[in-house]
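All remarks here apply to the structure that follows.
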Amino acid sequence: MRIKVITSNEGKMREYSQALGELGIEVFHGKVPYDEIQADTLEEVVERGMEELREKEGSFIIDDSGLFIDRFYGFPGVYSSYALKTLGNEGVLRLMAGEERRSARFECCIGCKIPGREPFMISGECRGAITKEARGERGFGFDPIFSADGERTFAELDLEEKNSLSHRGRAIAMLAERLAEEMGP
Ligand code: ITT
């Protein structure tokens, strides 16, 4: 099976290639622009994206993700892209300076459409904490300031390790199961 991952984010693309490639699902990159509405939930963003793309595209995946910091009632959440562009990781660390309560989670919502089947969504979550300083050169986005195990940040993990515990890795594992059912014997 071959499926297009529609994203502007090369880091996400690498994670899909690694995780799905390992399961024998071939992925290729599509940079098809679609309207990412400002909404209250990741699911709404994905639902609207799928409505826009479903007539134009064959088999495809889209992904909307965000970092939710408990101390800030879930901010940046659906505003994660904007927060990364404006505050950056250093800005988030400054906002958290002196905070003992550093728990946070990443969420990933995947939308998937296979021709002739109903589109579906799958979500994955990974709980962890915002570190006190940025560490690591791998990954992308907020990875240098997020740790799931309290030791290494996501940016200190290789692709396989991040996928084995991350929000996206978990969602991709469920997606693979669902695809196997959909395409079954
Ligand atoms: P799309 O084209 O796929 O939407 P994007 O980069 O706009 O790519 P999102 O809206 O899903 O992606 O992500 C919101 C922000 O959260 C964005 O700045 C990402 O870099 C960041 N982000 C998403 N997933 C992440 C992850 O696994 N690790 C670190 N940062 C992540």
(request) Provide a single number: the residues in the range 90-128 that are of a type outside the set (A, V, I, L, M, F, W, C), closer than 30 Å to LYS4 by Cβ and touching a residue at least 40 places away in the same chain (Cβ under 8 Å). (result) 10
(message) I need a count of the residues in the range 135-155 that are over 18 Å from GLU10 (Cα atoms) and buried (at least 18 other Cβ atoms within 10 Å of the Cβ).
(response) 5
(request) Look through the range 146-163, keep the residues that are out of contact with any Asp or Glu (no Cβ under 8 Å at 6 or more places or on another chain) and under 14 Å from GLY128 (Cα atoms), and return whichever of them is nearest to the ligand (Cβ to nearest atom). (result) PHE146
(message) So PHE142 passes all but one of these: (1) of a type in the set (Phe, Trp, Tyr); (2) within 11 Å of the ligand (Cβ to nearest atom); (3) more than 15 Å from the chain's Cα centre (by Cα). Which condition number does it fail?
(response) (3)
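Rundown of residues vs (1) over 11 Å from the mean Cα position of the chain (by Cα); (2) in a strand (DSSP E or B), yes/no style:
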{"site": "GLU100", "(1), (2)": "yes, no"}
{"site": "GLU107", "(1), (2)": "no, yes"}
{"site": "ILE110", "(1), (2)": "no, yes"}
{"site": "GLY116", "(1), (2)": "yes, no"}
{"site": "GLY124", "(1), (2)": "no, yes"}
{"site": "GLY128", "(1), (2)": "yes, yes"}
{"site": "LYS132", "(1), (2)": "yes, no"}
{"site": "GLY136", "(1), (2)": "yes, no"}
(message) Looking only at the range 21-72, how many residues end up being in a helix (DSSP H, G or I), under 17 Å from the mean Cα position of the chain (by Cα) and in contact (Cβ under 8 Å) with a residue 40 or more places away in the chain?
(response) 7
(request) Find the residue count for the range 4-20, including only residues that are in contact (Cβ under 8 Å) with a residue 60 or more places away in the chain and in contact with a His (Cβ under 6 Å, 6 or more places away or on another chain). (result) 0
(request) Can you tell me which residue among PHE140, PHE106, PHE146, PHE75 is of a type in the set (Phe, Trp, Tyr) and touching a Cys at 6+ places or on another chain (Cβ under 6 Å)? (result) PHE106
(request) Check the range 90-98 and report whether any residue there is surrounded by 14 or more Cβ atoms within 10 Å (Cβ to Cβ) and either of a type outside the set (A, V, I, L, M, F, W, C) or modelled with pLDDT under 95 (or both). (result) no
(request) Read through the list (1) part of a helix (DSSP H, G or I); (2) basic (Lys, Arg); (3) over 20 Å from ARG138 (Cα atoms); (4) within 13 Å of the ligand (Cβ to nearest atom), then give the number of the only condition that ARG14 fails. (result) (3)
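Could you please let me know if GLU118 is crowded, with 17+ Cβ neighbours inside 10 Å, at pLDDT below 95 and within 24 Å of GLU36 (Cβ to Cβ)?
No, not satisfied.
The values are calculated or read from the model by the stated rules, or taken from the named source; none is laboratory data. Keep in mind that this is a model prediction, so the values were computed, not measured. Don't worry about glycine lacking a Cβ; one is built from the backbone with ideal geometry, like all the others, and counts go over all protein chains shown.
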